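*Asks:* Below is the structure I would like to discuss, written out as structure tokens.
The values are calculated or read from the model by the stated rules, or taken from the named source; none is laboratory data. Here the structure is a predicted model, which means the values were calculated and not measured. We place every Cβ from the backbone using ideal geometry, glycine too, and count neighbours over all the protein chains shown. Side chains included, ligands, DNA and RNA excluded: accessible areas come from the protein's heavy atoms. Shrake-Rupley method; radii C 1.70, N 1.55, O 1.52, S 1.80 Å.
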Amino acid sequence: MNKTILITGGAGFIGSHVVRLFVNSYPNYHIFNLDALTYAGNLENLSDIENKPNYTFIKGDINSDEFVISIFKKHKFDSVIHLAAESHVDRSIEAPLAFVKTNVIGTMTLLNAFKNTWKGNFNNKLFYHVSTDEVYGTLGKKGLFTETTPYSPNSPYSASKASSDHFVRAYGETYNMPYVITNCSNNYGQNQFPEKLIPLFINNIINNKPLPVYGDGNYTRDWLYVKDHAVAIDLVFHKGKNSETYNIGGFNEWKNIDLIKLLCKQMDIELNRPTGSSEELITYVKDRPGHDLRYAIDASKIKNELGWTPSVTFEEGLKKTINWYLNNKEWLNNVTSGAYQSYYKKQYSN
Ligand code: NAD
Ligand code: DAU
């Protein structure tokens, strides 16, 4: 079947992997990638597919009602896969309003355009909302997030994502709009902007800069290789049940400090540096306010109902990730010049 799919945020980290997967796997679908190209968006991420006949890039802001309505009028997207967002927790603590604008209002703008385009005639239509496990708040030492865990967001970022999830669900209930939501754990892999833990630390190790560990480093995250997330999105898009939520996770919990030590070991090997030299860069710094202690996903619903499991072990995924950054220093240099420098100074100055 032919489809006309709008993917938002496709020039970002996860979005670029989703766009590539769909463009390459489904030549009969037309993929429109709508992205504002904020600091986190980078068309270099998609240079390998930019000339494919079933791919079109549209530069634009999901916060602009007029613009979003105009592209829906022109292209009549039958499906939306919505990833565009402000995505970094530390930035949300510093400047929360931008998160409300893009993550809440931007999502509303898309929901309205989708609803008003199809006017209740939703046969073979789908609004797919990509969300995060952070909406559930924090876990203690035990337990896992399931799809029925109550929402309890702790940061402006997670509150804005939780709010967007609620609106998607409300549009489903109120207007019978077909939707799915997935809530995924921490992603890592190639093309991630070096403000998030793993690429930031890889970049700092390359440059012999301190590795700023928040608090005592005893915070836990559940890590998933980004290409496995893209495969899960493909599966849920095609086989997920209408109005359902699916949790996606790596079955792969790591305390930050243990992960950082593993990363340091692998970096020493890849850079041919003496064992232990990267670990010497570890520096404990002031904690993140409202820092969630632990995230861990129970992904048994997507596993049992749709047959999805991660394909890459963490050690393999980390090695691939490190090698990608080492082989793409120009990409790293491009994204860490300019505005990144002032962000870094402000974030890590005390
Ligand atoms: P990212 O920050 O790398 O990319 C976000 C993209 O959205 C960028 O290309 C940016 O230019 C674009 N964008 C931002 N504001 C926009 C606007 N107003 N209009 C149009 N485009 C805009 O983010 P990511 O890490 O790839 O995350 C993608 C999605 O997945 C987000 O919705 C995030 O909440 C969710 N998510 C991320 C993770 C993770 O670990 N990174 C985990 C679970 C869920
Ligand atoms: O769980 C999914 C979420 O994962 C996504 O929704 C977010 O978009 C994504 O940014 C990520 O959020 P985190 O806050 O968990 O990721 P981050 O890489 O910022 O931090 C991971 C852990 O490492 C967290 O406990 C904070 C810690 N950290 C992070 C940075 C940037 C440090 O100790 N030092 C740092 O400099």
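*Asks:* So which of Leu34, Leu21, Leu110 ends up being closer than 29 Å to Glu330 by Cα, in contact with a helix residue (DSSP H, G or I) (Cβ under 8 Å, 6 or more places away or on another chain) and open to solvent by less than 40 Å² (accessible area, probe 1.4 Å)?
*Replies:* Leu34
*Asks:* Continuing with this model, one more query. Consider only pairs whose beta carbons are under 7 Å apart and that are at least six residues apart or on different chains; among these, list those whose first residue lies in the stretch 99-116 and is closer than 12 Å to Asp65 by Cα and whose second residue is of a type in the set (Ser, Thr, Tyr).
*Replies:* Thr107/Ser164; Leu110/Thr8; Leu111/Tyr171
*Asks:* Ok, one more. Filter the helices (runs of 4 or more DSSP H) completely within the stretch 262-350 down to those with at least 3 residues that are loosely packed, with under 14 Cβ neighbours inside 10 Å. Even if it seems obvious, please write down each step before you answer.
*Replies:* On the way: elements: 300-306, 314-327, 329-335, 339-347.
In the stretch 262-350, the matching helices (runs of 4 or more DSSP H) lie at 314-327, 329-335, 339-347.
*Asks:* Here's another thing I want to ask about it. Test Thr182 against the criterion of being surrounded by 20 or more Cβ atoms within 10 Å (Cβ to Cβ) and within 15 Å of ligand 2 (Cβ to nearest atom), and give yes or no. Break it down into steps so the answer makes sense when it comes.
*Replies:* Working: surrounded by 20 or more Cβ atoms within 10 Å (Cβ to Cβ): yes; within 15 Å of ligand 2 (Cβ to nearest atom): yes.
Here the answer is yes, as Thr182 does meet what is asked.
*Asks:* For Phe201, state whether it is under 20 Å from the mean Cα position of the chain (by Cα) and either over 28 Å from Glu94 (Cβ atoms) or within 9 Å of ligand 2 (Cβ to nearest atom) (or both).
*Replies:* On the way: under 20 Å from the mean Cα position of the chain (by Cα): yes; either over 28 Å from Glu94 (Cβ atoms) or within 9 Å of ligand 2 (Cβ to nearest atom) (or both): yes.
Against the criterion (under 20 Å from the mean Cα position of the chain (by Cα) and either over 28 Å from Glu94 (Cβ atoms) or within 9 Å of ligand 2 (Cβ to nearest atom) (or both)), Phe201 qualifies.
*Asks:* Quick check on this structure: which one of Val80, Val68 is away from ligand 2 (no atom under 16 Å from the Cβ), aliphatic (A, V, I, L, M), over 22 Å from Ser243 (Cα atoms) and open to solvent by less than 10 Å² (accessible area, probe 1.4 Å)? Lay out the reasoning, then the answer.
*Replies:* Numbers: Val80 fails: over 22 Å from Ser243 (Cα atoms).
That would be Val68, the only listed residue that is away from ligand 2 (no atom under 16 Å from the Cβ), aliphatic (A, V, I, L, M), over 22 Å from Ser243 (Cα atoms) and open to solvent by less than 10 Å² (accessible area, probe 1.4 Å).
This table checks each residue for (1) assigned to a helix (DSSP H, G or I); (2) touching a helix residue (DSSP H, G or I) at 6+ places or on another chain (Cβ under 7 Å); (3) modelled with pLDDT of 95 or more; (4) within 15 Å of ligand 1 (Cβ to nearest atom).
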site	(1), (2), (3), (4)
Phe193	no, yes, yes, yes
Asn218	no, yes, yes, no
Asp228	yes, no, yes, yes
Phe237	yes, no, yes, yes
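*Asks:* Does the stretch 37-59 contain at least one residue that is under 20 Å from Asp78 (Cα atoms), near ligand 1 (Cβ under 9 Å from one of its atoms) and either open to solvent by less than 10 Å² (accessible area, probe 1.4 Å) or touching a Phe, Trp or Tyr at 6+ places or on another chain (Cβ under 6 Å) (or both)?
*Replies:* no
*Asks:* Ok, one more. Quick check on Asp222: is it more than 13 Å from ligand 2 (Cβ to nearest atom), touching a Ser or Thr at 6+ places or on another chain (Cβ under 7 Å) and either in a helix (DSSP H, G or I) or at pLDDT 95 or above (or both)?
*Replies:* Working: more than 13 Å from ligand 2 (Cβ to nearest atom): no; touching a Ser or Thr at 6+ places or on another chain (Cβ under 7 Å): yes; either in a helix (DSSP H, G or I) or at pLDDT 95 or above (or both): yes.
Criteria not met by Asp222.
*Asks:* Quick check: anything in the stretch 41-49 more than 16 Å from ligand 2 (Cβ to nearest atom), under 28 Å from Asn116 (Cβ atoms), part of a loop (DSSP other than H, G, I, E, B) and not basic (Lys, Arg)?
*Replies:* Here is the first cut: in the stretch 41-49, the ones more than 16 Å from ligand 2 (Cβ to nearest atom) are 42-49.
Filter again for under 28 Å from Asn116 (Cβ atoms), leaving none.
No, the stretch 41-49 has no match at all.
*Asks:* Further, regarding this structure: What are the residue pairs meeting all of these: first residue in the stretch 307-332, first residue within 24 Å of Lys261 (Cβ to Cβ), second residue open to solvent by 70 Å² or more (accessible area, probe 1.4 Å) and not β-branched (Val, Ile, Thr), Cβ atoms under 8 Å, and 6 or more apart or on different chains?
*Replies:* Pro310/Phe251; Val312/Lys227; Val312/Lys320
*Asks:* Pick out the one residue from Ile7, Ile71, Ile105 that is of a type outside the set (Lys, Arg), out of contact with any Ser or Thr (no Cβ under 7 Å at 6 or more places or on another chain), over 21 Å from Trp324 (Cβ atoms) and not in a helix (DSSP H, G or I).
*Replies:* Working: Ile71 fails: not in a helix (DSSP H, G or I); Ile105 fails: not in a helix (DSSP H, G or I).
Exactly one residue qualifies, and that residue is Ile7.
*Asks:* Give just the number: which of (1) part of a helix (DSSP H, G or I); (2) hydrophobic (A, V, I, L, M, F, W, C); (3) in contact with a Leu (Cβ under 7 Å, 6 or more places away or on another chain); (4) surrounded by fewer than 22 Cβ atoms within 10 Å (Cβ to Cβ) does Ala98 not satisfy?
*Replies:* (3)
*Asks:* Show the residue pairs meeting these rules: Cβ distance below 8 Å; 6+ apart or different chains; first residue within the stretch 159-188 and on the phi > 0 side of the Ramachandran plot; second residue open to solvent by less than 30 Å² (accessible area, probe 1.4 Å) and away from ligand 1 (no atom under 12 Å from the Cβ).
*Replies:* Pairs that qualify, where the first residue is on the phi > 0 side of the Ramachandran plot and the partner is open to solvent by less than 30 Å² (accessible area, probe 1.4 Å) and away from ligand 1 (no atom under 12 Å from the Cβ), are Asn176/Phe122.
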